[in-house]
Amino acid sequence: MPAMADDALAALDAALKTTLPTARIDVAALPGCESIVLGLINADFPLGPLPHDVMLAVLARPAYWSFCWGSGLALARHIAAHPEIVRGRSVLDIGAGSGVVAIAAKRAGAARVVACDNDAAARIAIATNAALNGVDLEIADSIASIAPGHDIALLADVLYDRDNLALLDAVVGLAAETLVADSRLASLPRDDFEPVCEIEARTFPNLGEFDRYATVRLFRHRLG
């Protein structure tokens, strides 16, 4: 592995340890999408009760970017199976986390991919994982910094909090098409999103989530 990648992984590992001191970053291929590798939390990290100080750190600085969430994995698989969704297009990945969806889009032939996340550690993860996969991504720190006029916006696993539903209103004006992947909502609160399909996918490494969260639903919005 090139020294630059080693340095990036070390920085990512340090970011993870600020929240989970006994965890580490391992590089792993994704199940069902093995051509993509990500630096993620070690699969053997114990899922039992955390010490009080660690739990406080998790609440203050959740390292959500250290998992490939089920909806992100499902959307990455969908893009790999249907590259025409992004090929030659300008793509936004909103709430990019580990960067898996952005990486999948670039590898499927997107002309331009902007990965946006407001968490500084997530932006380190996106840059590190892009380097591991040999793709070039643009990285943004807020939706406000993104100009409209893109072809498609992608959102995976960002609607876990009902307060985040406002993201839909903010994003639909940035791109001609919006594709949402979510395992927790059976429908979206806007009637201008149409269901596309359902995909079975689980968060990786496995969090032991309930079976009902293994079904990821895709919804599409088109301007005009």
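Values quoted throughout were computed directly from the atomic coordinates according to the rules given, and no laboratory measurement underlies them. If you're wondering where the values come from, they're calculated on a predicted model, not measured in any experiment. Cβ coordinates were reconstructed from backbone atoms using ideal geometry, including for glycine residues, and neighbour counts include every protein chain displayed.
Structure notes:
- Mean Cβ neighbour count within 10 Å, used as a protection proxy, ranking 206-213, 153-160, 133-140, 114-121 highest first: 153-160, 114-121, 133-140, 206-213
- Under-5 Å amide H pairs with ARG24, H placed in peptide plane, nonlocal only: ASN42
- Charges were assigned to the Cβ only: +1 to each Lys and Arg, -1 to each Asp and Glu. The resulting dipole of the range 1-109 about its Cα centre is roughly 360 debye.
- Distance between the modelled labels on LYS17 and ASP191, one decimal in nanometres: 5.5 nm (7 Å Cα→Cβ projection).
- Considering only ALA144, ALA131, VAL172, and ranking their Cα positions along the charge dipole of the range 66-222 that arises from unit charges at the beta-carbon of Lys, Arg, Asp and Glu, the one farthest toward the positive end is ALA131.
- Rounded to the nearest 20, the size of the Cβ-charge dipole of the range 92-140 about its Cα centre is 160 debye, with Lys and Arg at +1 and Asp and Glu at -1.
- Value of relative contact order over the chain, rounded to a whole percent, pairs C-alpha under 8 Å and six or more apart: 19
- Under 5 Å between amide hydrogens, built in the peptide plane, is the criterion, and for LEU92 it picks out VAL114, ILE152, ALA153, LEU154 among residues at least 5 positions away or on other chains.
- Here the sum of -39500 (n - 2.57) over DSSP H runs of 4 or more residues, divided by the residues of the chain, equals -8500 deg cm²/dmol at 222 nm, to the nearest 500.
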